[in-house]
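Reading through the structure tokens given below for one structure.
The values are calculated or read from the model by the stated rules, or taken from the named source; none is laboratory data. Only a predicted model underlies this, so the values are computations on that prediction, with no experimental measurement involved. Every residue, glycine as well, gets a Cβ built from its backbone with ideal geometry; the counts of neighbours run over all protein chains shown.
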Amino acid sequence: MPAGSPQAPILSCGASDQLEALRRALAPQRWPLDPALLPADALLVGGAVRDALLGRLGERPDLDLVVEGDAIALARGLARRCGGSCVVLDAERSIARLVLKGWSFDLARRMGSSLEQDLARRDYSINAIALPLAALCAPETCDRAATSQRAKAKPGPADGGPADGGPASLEAAAATLRSSGGASDLGPIDPGGGLADLRARRLRALGETNLLEDPLRLLRGVRLACELDFTIDAQTLRWIHTHHRRLGEVAGERVLAELERLAAAPGGAEGLLQVRRLGLLRGWQEARDPQGEAPGGQAPAPEARWLERLTPDRAGRCGLETEEQAWALPLARLAALLPPAALVRLRASRRLQQRSRRLRHWLERLENAEGPGEADGPQGGDLTLAGLPEEERLALQRELEEDLPALVLHLGPREAREALQRWRDSGDPLFHPRPPLDGQQLQERLGIPAGRTLGALLAHLTRERAFGRLAAAAGPDPVLQVARQWLDGGRNGEVEASSRGRRRD
């Protein structure tokens, strides 16, 4: 869940103010789902509680609710009543997602005989903090809920209403708390010590078996620590490393989703390096020669160097704007981390595979190109475009026309800024290579048929224009003169080169 604008951490509030601060942050009165329609025993758990306490709650957070009884039936009834949709996530454990006006509510049946048992089954202590929904309902919320319920016939469980047993409604439960004064004292329920870990900025697993219940939790821990800028507890880190191969049991799509979120985090480069150091992706990587894998499962050169460069600070020095960084850094990080075969195994989309493959190809090519890059600060040895022959440089610009910012992160800052300035000019003949005349115009004016010769002529004119030997704004006559000279001269080599230099898919 993306963090919202910075807020004051509720953890810093005194106990008497904490519940009121949580009410303001979570604001049930803003939800598209009327809280009065939820069972009286409903509890808010997981990421929304954690992020509210940290002051990083998004504008439209995903909300996880624990209820007693059949959560799937409840979600279906709410979807019918409120006009949303219901997706069953786990029929065996009775977990369903209610999607309503762009919000997601995950409803899950309580596991075990008590809330404490349910929370003890979760992955990390900071995700095992619960809040009774009734305690979150401030008086004005409950008054609105009461008015709403009186205007309708009270639904039963099948229609999205409260289940039998316990208080008849959230309204009644909240009213009971207010009348007894209990709401002011009822704060987060935290049997696993998650609040202390939040204050210490520490990520701690609730147990080794908790991680293995769903091995994706091994990778999720690295992602959470990176997103929150937390330190992983030493014992937890040992468990992750010990069981790193278990991640291979998880569906590739789920692994990739975690990696994409990690790659998008501000500290994602270091997070992905830690993933490699822990060996979590060994089952997904291409088979390597023993000499190609660094000791301890560390990323082999040049991949470690690639990832180390990919920081927001460097992106700023290279001249990337904020919106460019938002997509270029994640793409560059995934391309640096994962060879093409790994993306296939992870069932990445065809588009991501293509973009990553092209970017990684040119990274590898620039590693071997002649010409030293800028020695800019402590991370000298930047890559450079200067050593590429014209034909390859033009191929690079074609293949990375949309994604060049992801490549310039690896150039020296001065060269990167110059490249970006030209790339942002849609008329630049090198960074957006186009022939000065199209194939139909050349056929009509020169009387040549479609085929390899025409393709090679278009490539020649594009190259002449890209490297300044043909004015970018030249009219048809100078272009046709250059074309006739090429047709009359030695063109066989260029025809062969054109047929070989097809765009990489």
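Points to keep in mind about this one:
- Count of region 235-252 residues which are surrounded by 18 or more Cβ atoms within 10 Å (Cβ to Cβ) and either touching a residue at least 40 places away in the same chain (Cβ under 8 Å) or in a helix (DSSP H, G or I) (or both): 7
- Of all the residues in region 459-475, those that are in contact with a Leu (Cβ under 9 Å, 6 or more places away or on another chain) and without any contact (Cβ under 8 Å) to a residue 40 or more places away in the chain number 5.
- Taken over region 312-344, the criterion of being more than 19 Å from LEU383 (Cα to Cα) and of a type in the set (A, V, I, L, M) is satisfied by ALA326, LEU338, ALA341, ALA342, LEU343, VAL344.
Yes or no, residue by residue, for (1) modelled with pLDDT of 95 or more; (2) not polar (S, T, N, Q):
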| site | (1), (2) |
| --- | --- |
| LEU407 | yes, yes |
| LEU411 | yes, yes |
| GLN421 | yes, no |
| GLY427 | no, yes |
| GLU444 | no, yes |
| PRO449 | no, yes |
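- The strands (runs of 3 or more DSSP E) found wholly in region 22-94 and carrying at least 3 residues that are touching a strand residue (DSSP E or B) at 6+ places or on another chain (Cβ under 7 Å) and free of Cβ contacts under 8 Å to residues at least 60 places away in the same chain occupy 85-90.
- Criterion applied to GLY193, GLY166 was being modelled with pLDDT under 95, surrounded by fewer than 22 Cβ atoms within 10 Å (Cβ to Cβ) and under 30 Å from GLU68 (Cα atoms), and the one residue passing it is GLY166.
- Any chance LEU107 is within 17 Å of VAL49 (Cα to Cα) and either touching a strand residue (DSSP E or B) at 6+ places or on another chain (Cβ under 7 Å) or assigned to a loop (DSSP other than H, G, I, E, B) (or both): yes
- When LEU334, LEU329 are checked against the criterion of being on the phi < 0 side of the Ramachandran plot, in contact with a Ser or Thr (Cβ under 7 Å, 6 or more places away or on another chain) and buried (at least 20 other Cβ atoms within 10 Å of the Cβ), a single residue qualifies: LEU334.
- Check on PRO389, at pLDDT 85 or above and either under 26 Å from the mean Cα position of the chain (by Cα) or surrounded by fewer than 17 Cβ atoms within 10 Å (Cβ to Cβ) (or both): yes
- Within region 433-486, the set of residues being acidic (Asp, Glu) and more than 47 Å from the chain's Cα centre (by Cα) comprises GLU444, ASP477.
- All conditions in (1) charged (D, E, K, R); (2) more than 25 Å from VAL250 (Cβ to Cβ); (3) at pLDDT 95 or above hold for ASP289, with the sole exception of (3).
- Contact map, region 374-395: first residue in the same structural domain as LEU411 (by TED's automatic domain parsing), second residue among the aliphatic types (A, V, I, L, M) and modelled with pLDDT of 55 or more, Cβ cut-off under 6 Å, separation 6 or more or different chains; pairs are ASP382/LEU411; LEU383/LEU366; LEU383/LEU411; GLY387/ALA369; LEU388/ALA369; LEU394/ALA466.
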